[in-house]
Ligand SMILES: NC(=O)c1ccc[n+]([C@@H]2O[C@H](COP(=O)([O-])OP(=O)(O)OC[C@H]3O[C@@H](n4cnc5c(N)ncnc54)[C@H](O)[C@@H]3O)[C@@H](O)[C@H]2O)c1
């Protein structure tokens, strides 16, 4: 697969890693449709890259089904899906105010894990109808985990559980979709300078950066976008999770 002939859905494409991926894909000739719940910013990014935007809640079956139909209408086919929509919360299992709020745990799983699967399964159903490329490829799905899936910190029970789920479903999805020529990969980012991080005080950002062995800085969202682009083009990558973290292992 080549980026220049890719028709991609990018969830969470209104911000951060998804936005950088949308820009990288479009710069390299891909057609892009952004699915995001944030409509103003999503529309703006889509207009800047010559792509499309559909306001979507990834957790909602009807919303994603309708968005998928719009993406098909606008692009004619879907050959790549990058799931970047997600949230991060911090709460301890038992904190100052008592036990972890159950609804916060469930919401995190719902967006980060169920939302990712919801988009993936519906995108895969469309991809399975593509004419195969000469090597049999019909599409690729790239999900976003986190290094918190492996070394989650205090306060990350919900977030790490959601990302652990993303890691866990990578191989079985790749196996399920193998006969359709659809690959499934996951990226586990370390700490990237997205709007989420940019809101932290400067000294906290510097401390986070100093903990990264090499290079000792936060990740640039464009690096995530380039890795996603590489995965699209590298047809032998399948069923695996790639850490992109400057060798950071969180304690
Ligand atoms: N930034 C990091 O350091 C980092 C590290 C590891 C993993 N990640 C993961 O990467 C992904 C992107 O993170 P980011 O830093 O770019 O965050 P971000 O907040 O900048 O962007 C997330 C986007 O997802 C959208 N979104 C949230 N819930 C949605 C829903 N229900 N339906 C549709 N869209 C929804 C938001 O509107 C937003 O545009 C997340 O899954 C996050 O957990 C980020």
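The values are calculated or read from the model by the stated rules, or taken from the named source; none is laboratory data. Bear in mind the structure is a predicted one, so any value in this text is a computation, not a measurement. We place every Cβ from the backbone using ideal geometry, glycine too, and count neighbours over all the protein chains shown.
Tabulated results
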quantity: Failed condition for residue 202, given (1) surrounded by fewer than 16 Cβ atoms within 10 Å (Cβ to Cβ); (2) over 25 Å from residue 4 (Cα atoms); (3) touching a residue at least 24 places away in the same chain (Cβ under 8 Å); (4) away from the ligand (no atom under 11 Å from the Cβ); calculated: (3)
quantity: Helices (runs of 4 or more DSSP H) lying entirely in segment 7-115 (those with 2 or more residues that are within 12 Å of the ligand (Cβ to nearest atom) and under 13 Å from the mean Cα position of the chain (by Cα)); calculated: 16-27
quantity: Count of residues meeting criterion [under 19 Å from residue 224 (Cα atoms) and surrounded by fewer than 24 Cβ atoms within 10 Å (Cβ to Cβ)] in segment 121-163; calculated: 4
quantity: Positions within segment 137-149 being assigned to a loop (DSSP other than H, G, I, E, B) and in contact with a helix residue (DSSP H, G or I) (Cβ under 9 Å, 6 or more places away or on another chain), in sequence order; calculated: 138, 145, 146, 147
quantity: Selection from segment 194-217 of residues that are modelled with pLDDT of 95 or more and either closer than 20 Å to residue 160 by Cα or within 15 Å of the chain's Cα centre (by Cα) (or both); calculated: 212
quantity: Number of the exception - residue 168 against (1) in contact with a strand residue (DSSP E or B) (Cβ under 7 Å, 6 or more places away or on another chain); (2) closer than 29 Å to residue 103 by Cβ; (3) at pLDDT 95 or above; calculated: (1)
quantity: Residues (touching a residue at least 24 places away in the same chain (Cβ under 8 Å), within 12 Å of the ligand (Cβ to nearest atom) and under 16 Å from the mean Cα position of the chain (by Cα)) located in segment 123-164; calculated: 142, 143, 144, 145, 146, 147, 148, 149, 159, 162, 163
quantity: Residue identified as within 12 Å of the ligand (Cβ to nearest atom) and within 18 Å of the chain's Cα centre (by Cα) among 242, 191, 182; calculated: 191
quantity: Any chance residue 204 is assigned to a helix (DSSP H, G or I) and under 30 Å from residue 136 (Cα atoms); calculated: no
